[in-house]
Amino acid sequence: MGGSTYWQHSDAVSARTSGTEVVPLSMNPPGGLSASQVPQFIVLGFDDNWKGLRWLPAFFAARQNPDGSPMHATFNMIGADVGVKYPASEVLAAYQAGNEIGNHTQNHASGDGWNVAQWISAIQAAHQSLVNAGIPSSAIVGFRAPQDVYNTALFTALSQLGYKYDSSVPQGLGALTMGDGQPYNGSNSWWGGHTLENGDPVAVQFQAYHPSYTPPGNVPGVWELYENALILADGTKTDRYCDQDWYQTPPAMSEDARVAMLQETLRRRINSNRAPLNLCMHGQDYEDVSGASASPESRNTLTRFIDWAVATYPQVRVVSQMELINWMRNPVPLGVMPVQRVATPTISPNGGTFSGNVTVTISTATAGADIRYTIDGSTPTMDSPVYTGPFTLSSTATVKAFATLVEMNSSAVATAEVYYQRSRSSDNCAQRAKHSFSIRDAFGNEVLRRTGNRGWRPAVCRRLLEMAD
């Protein structure tokens, strides 16, 4: 996502069934690691975001995790709002800063009772709106349902569309039991999420509270990342798992009470299995627009909690949802930085001198990566054109290209110098130049005359003849 990501993709520890990764539901960290060996992830997924993205991306850009890595978040966007309620450039800038851009359907309609075709239509439309804003199609891999209203058909749609994960299912609500058979107490969370090749027992339990929320079937390759119930400062569990519940559900919570609730919830994770704290947030509560200011208490709550967390616990990492999945695919102990990079593009032809039009192709060995390129010698960026197929050069050019993939670090930049010349041999050129020779400009004015029987060096002669044409 946006340039380079901190946690990178590897399938070294994920089991595989028919080529599909399998990460089972567990209360323990993946990869056989102990709780003391793993980071304490804080995962912030911001929904709706109908006021745009300005303050929040700046908030994360101004901070670092305790190990010096950048902080990132996930922003799940309503497609119809992009470029209408706020400039599309704000979404692109957030992505280019390293944040993840997710899909929140086109019109934010409840999907209660929808079939697969209806889900596909709503998701595809939002996906295209984000692509039109400049987000690479391959980088849009995550989804959260409006109002967290999901059903079995949603997960089938996500699988058919090639999405990697959903994050609509909450854990720990009501009297639902956890993996140890006990109600949620903040210290017994399921660890982050899992792949759905065997369905989702948490969603099966949750259907008892919402019968229309039918659980996913067996959907290999698609992940579920759980949202979390929270623990109040006095140890009482609360079902206020989204930030708007903190602010709007009676009785009202003070800013201090909200901060204390988040702190207690994180403490219990730190002191138990270090299950990721995946928080459901809403971007409009933190942004200003004309006539609708941000809530100072919302900003203060987020600021106080995040700044306290990174100052108190060196193992904290604030990451996007896809960054969490990438770490779970390749879990490594604290202090180890996994590095995997998109393969550097191959430009063909890889430079040379040509006497006619040249067809250029660019490829990368990394499947699914987007290639961006320039032909003027400038270094390509995320704003550069996306390579979609071979193109033709009819003049001298310097082609540069790099490749990106949401799960990996961006590639190095490849360069190819392509020189163009007229189809004349050096010998013929030099032979012609032994005689009287003149060059005229586009208006017929003579700008250079050569007489005599001594030839010019071939390189000089070629350039002069090109000028003559």
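For the stretch 77-178, what log10 I(q)/I(0) values come out of the Debye formula at q = 0.10, 0.16 1/Å, with one point per alpha carbon and no solvent? The computed values of log10 I(q)/I(0) come out as -0.28, -0.67.
Loop-only chymotrypsin sites (Phe, Trp or Tyr not before Pro) in the stretch 175-242, please: DSSP not H, G, I, E or B, and at most 16 other Cβ atoms within 10 Å. Let's see the in-between values first.
On the way: sites: TYR184, TRP190, TRP191, PHE206, TYR209, TYR213, TRP223, TYR226, TYR241; in loops: TYR184, TRP190, TRP191, TYR209, TYR213, TYR226, TYR241.
Within the stretch 175-242, the qualifying chymotrypsin sites (Phe, Trp or Tyr not before Pro) (loop, at most 16 other Cβ atoms within 10 Å) are TYR209.
For the stretch 223-356, the Stokes-Einstein estimate of translational diffusion at 25 °C and a viscosity of 0.890 mPa s comes to 136 µm²/s, using the Kirkwood hydrodynamic radius over alpha-carbon pairs.
For the stretch 34-137, the alpha-carbon coordinates run over 44, 35, 22 Å along the three principal axes, in decreasing order.
For SER272, what is the net charge nearby, where nearby means another residue's Cβ is under 14 Å from its Cβ and Lys, Arg count +1, Asp, Glu -1?
Numbers: positive: ARG267, ARG268, ARG269, ARG274; negative: ASP180, GLU264.
Here the count lands on +2.
Net charge in the neighbourhood of VAL219 (other residues with Cβ under 13 Å of its Cβ; Lys, Arg +1, Asp, Glu -1) is -4. Distant-in-sequence amide contacts of HIS72, defined by a placed amide H-H separation under 5 Å and a gap of 5 or more residues or a different chain, comprise VAL319, SER320. If you bin all the Cα-Cα distances of the stretch 324-372 at 5 Å, starting from zero, the percentages per bin are 4, 14, 17, 15, 12, 11, 9, 6, 5, 4, 2, 0. The convex hull built on the alpha-carbon positions of the stretch 99-143 has an orientation-averaged projected area of 3.2 nm². Using only the Cα atoms of the stretch 302-351, each taken as one equal point scatterer with no solvent, compute I(q) by the Debye sum, divide by I(0), and report log10 of the ratio at q = 0.15, 0.26, 0.30 Å⁻¹. Per q value, in the given order, log10 I(q)/I(0) is -0.62, -1.09, -1.17.
Where the centre of each part is set by its Cα atoms, how far does the stretch 30-99 sit from the stretch 293-365, in angstrom? Using only Cα atoms to place each centre, the spacing works out to 11 Å. When the Cα atoms of the stretch 283-383 are aligned to their principal axes, the ranges along those axes come out at 67, 46, 20 Å in descending order. Note on the stretch 180-294: Rg/Rh from Cα positions, Kirkwood definition for Rh, rounded to two decimals, is 1.01.
For the listed peptides 123-130, 245-252, 364-371, 75-82, a ranking on the average number of other beta carbons within 10 Å per residue, highest first, reads 75-82, 123-130, 364-371, 245-252. Annotation: amide H-H contacts under 5 Å for VAL316 (H modelled 1.01 Å from N, sequence separation of 5 or more, or interchain): GLN40. Backbone geometry of the stretch 116-125 corresponds, through the Karplus equation with coefficients 6.51, -1.76 and 1.60 at θ = phi - 60°, to 3J(HN,Hα) couplings of 4, 4, 5, 4, 4, 4, 5, 6, 4, 5 Hz, x marking Gly and Pro. Counting only the Cα atoms, the stretch 261-318 fills a convex hull of 82 Å³ per residue.
Only the coordinates and a few stated rules stand behind these numbers; no lab work does. Just so we're clear, the structure is a prediction, and the values are computed from it rather than from any experiment. Every residue, glycine as well, gets a Cβ built from its backbone with ideal geometry; the counts of neighbours run over all protein chains shown.
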